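Student: Let me begin by handing over the structure; questions about it come next.
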Amino acid sequence: MTIPGRSVPNIPEAPRLLLVLARAYSSIVAYIEHAFGERGFCLTDFMILEALLNKGPLTISAIGEKILLASASMTSAIDRLEQRGQVRRTSNAEDRRVRLIELTPEGRVFITRLYADHVDDLEAIAADLSADERRALYTGLKKMGLAARAAAPARKPAKAGPEPPQKKPRKSVPAATTLNENAR
């Protein structure tokens, strides 16, 4: 669709850019998930291990914030990685109530190798981009992301529980029909 007075020949409009971005993202994620699946792994587990590799020991909630995964899903993923011997839960020396998740030596070796394979996979799908195209893509996506963040309303803090249901206004009913005739 062309917006009168806004269209410039050979320059895609913003809705088209978003569509191409969304489709490219979907295809890239499908490719990555398939590559991890062939290695007997899933994207969520990779993201957890990669966060621990780069940030060191973290709480489950800190990992969840970094990879945008809900707490219940995080617990299942950590359990799975712990069963595989790739992570372990430890107590925080400063606060014993806090449990940290850290890589085991085996987990560190595994994620280091898996990350190298992941980089190779991503380079394979970006191979047709020139250095200038990579820079332009990076710069453009960064600008769009920052503009969207600046334009979005501030997030409201999470509430303690669900909001109570709103009462629906009652319809006005004639008095004669609301009283039981026998009650008079």
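Student: Identify the GluC sites (Glu not before Pro) of segment 102-145 meeting these criteria: DSSP loop state and at most 12 other C-beta atoms within 10 Å of the C-beta.
Tutor: When the GluC sites (Glu not before Pro) of segment 102-145 are filtered for loop state and at most 12 Cβ neighbours within 10 Å, nothing remains.
Student: Let me ask something else. Round to a whole angstrom and tell me the spacing of the C-alpha centers of segment 10-51 and segment 59-113.
Tutor: Taking the Cα centre of segment 59-113 as reference, the centre of segment 10-51 is 23 Å away.
Student: I've got another one for you. Given Cα pairs under 8 Å that are at least 6 residues apart, what percent is the relative contact order of segment 14-150?
Tutor: 20
Just so you know, all these numbers are worked out from the coordinates, no wet-lab data involved. In this text, all values refer to a predicted model and were calculated from it rather than measured experimentally. For neighbour counting, all protein chains shown are included, and Cβ atoms are generated from backbone atoms with ideal geometry for every residue, glycine included.
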